[in-house]
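K.L.:
I'd like to ask some things about the structure below.
Quick note: the coordinates plus some simple rules give every number you see, no bench work behind them. Here the structure is a predicted model, which means the values were calculated and not measured. Note: ideal-geometry Cβ built from the backbone for every residue, glycine included; neighbour counts use all protein chains shown.
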């Protein structure tokens, strides 16, 4: 908050909350390393050093990688081996991940290394933390990870900048990694035994993207309740379906939360009805809002749990155990996150599907009792006809994006890595679905506010009036046709920025 000291997120190798990840990734809060983590990393590094000095054959330390696991590497080439790994694995292609997504991945990788099971120097984690704190963000292409031995390509692009190579953002300008570090006053790391492997083994790129999608999804779920309550008033919703006595008889936590929100948001409305007043019961897109929106919330909570467990997990290979053993395993495999990301994408699809149907209902004069397509001079004006088209297009695209990535596998490394997760693809698809849903909700929000132009705005609940007014301060009603893209973008901004939720919360209190 303004005037307060900047908060610090401390990494210690333990689980992090989605909120902590978001604060570093988006809000650029400072990061520090706990003393406990420093001590654990020192012990781990000493144990790994003893193994190297003793000449033990350990995967990735004095052997090649993947199919080359049985190829020995001489002591003199151990550092070169790690640099070659980083350079060769930086094979990503396509558009770049956002800076926020990369920062989330960097934070999560630093925290995994701070667990003290990777045998690396403290200085390596200090460099990542310094990059986060000074605004050096590697340029990381989105495509190229199969989520098996970790997000090898994305994490290698991050590691390239750590050693002073690759490309990076510094204060939002793109330049060479070497120049970015130099401008920030950060010394590049010269990798030692095991360190290139430690930087690239794990699915922190997947988890970074997924963390931000969970945060966005939660905001969209709260906004969806607000917007649905506004639509409900336009359509004279029957509030009986939101009665807590009904919802308690099927005690799903999500449905009960949404039901509570709707009762709060509709309190004081003169437009909502009871059974038999206008009709006996509503269609599902109004009557079943608690059940549908609630299921999305429960999905978000489940995925948040997976993300937070992953954030404090040791995903390197091999791992340096406290008893001195160095064991190879499969903690780097992305399947837990791949399944969670696919599930989250499916959940968010439901939020978009039901919203689009509510929008369509407002377009239909027979169902809504309002002018067709919410325009006074239909025929001469098309009104909101194409707003619903846009929403229909986006929910259709979401159904394609919701096809699970986690069921696919294409063997790599000459069949040494013969089952992979495609976790990063799943996380990117969930992110894209969330973005589409934000526009679908914007379409409903615009339509509900336009629908109110044919009704008494004084009859809105106080919360509904706040939702209406925050949009009308930015977007005037449609009197005659105009391009609607700017309106959709402005309405979406009110949703994703939190301005809509903040305006309503000032009236109704914080939503669940």
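K.L.:
Considering the Cα trace of the stretch 8-202, what is its radius of gyration and what is Dmax, both in angstroms?
P.N.:
Taking only Cα atoms of the stretch 8-202, I get Rg and Dmax of 16.0, 46 Å.
K.L.:
If we sort 276-288, 396-408 on the protection proxy, mean other Cβ atoms within 10 Å, highest first, what's the order? Walk me through the intermediate numbers first.
P.N.:
Numbers: 276-288: 14.6, 396-408: 16.5.
The packing order, highest mean first, is 396-408, 276-288.
K.L.:
Relative contact order, percent, of the stretch 19-108 when contacts are C-alpha pairs under 8 Å separated by at least 6 residues?
P.N.:
38
K.L.:
At what distance in angstrom do the alpha carbon centres of the stretch 334-400 and the stretch 233-297 lie from each other?
P.N.:
20
K.L.:
Size of the chain along its principal axes in angstrom, Cα-based, largest extent first?
P.N.:
84, 48, 45
K.L.:
If you don't mind, there's one more thing I want to ask. Restricting to the stretch 8-202, compute how many DSSP beta bridges are antiparallel as a %, nearest 5.
P.N.:
70
K.L.:
What do you get for the angle between helix 335-363 and the principal long axis of the chain? Use alpha-carbon atoms, 0 to 90 degrees, nearest ten.
P.N.:
Relative to the chain, helix 335-363 is tipped by roughly 20 degrees.
K.L.:
Taking the Cα atoms only, what angle lies between the long axis of helix 253-266 and the longest principal axis of the chain, rounded to 10 degrees?
P.N.:
Long axis of 253-266 versus the principal axis of the chain: about 40 degrees.
K.L.:
Relative to the longest principal axis of the C-alpha atoms of the chain, give the angle of the C-alpha long axis of helix 204-234, reported between 0 and 90° and rounded to the nearest 10°.
P.N.:
10
K.L.:
Looking only at the chain, where both bridge partners belong to it, what percent of the DSSP beta bridges are antiparallel (to the nearest 5)?
P.N.:
Details: 13 of 19 bridges.
Antiparallel: roughly 70 percent of the beta bridges in the chain.
K.L.:
Extending each Cα 7 Å along its Cβ direction at residue 32 and residue 84, get the distance between those two points in nm, one decimal.
P.N.:
4.2
K.L.:
A further question follows. Relative contact order, percent, of the chain when contacts are C-alpha pairs under 8 Å separated by at least 6 residues?
P.N.:
About 17 percent, as a whole number.
K.L.:
Only counting other Cβ atoms within 10 Å, I'd like 273, 231 sorted with the fewest neighbours first.
P.N.:
By the 10 Å Cβ count, ascending, the order reads 273, 231.
K.L.:
If you take the square roots of the eigenvalues of the alpha-carbon gyration tensor of the stretch 412-512 and sort them as a ≥ b ≥ c, do you get rounded (a/c under 1.5), prolate (a/b over b/c) or oblate?
P.N.:
Prolate.
K.L.:
Mind sorting 339, 366 by how few other Cβ atoms lie within 10 Å of their own Cβ, fewest first?
P.N.:
Ordered by Cβ neighbours within 10 Å, fewest first: 366, 339.
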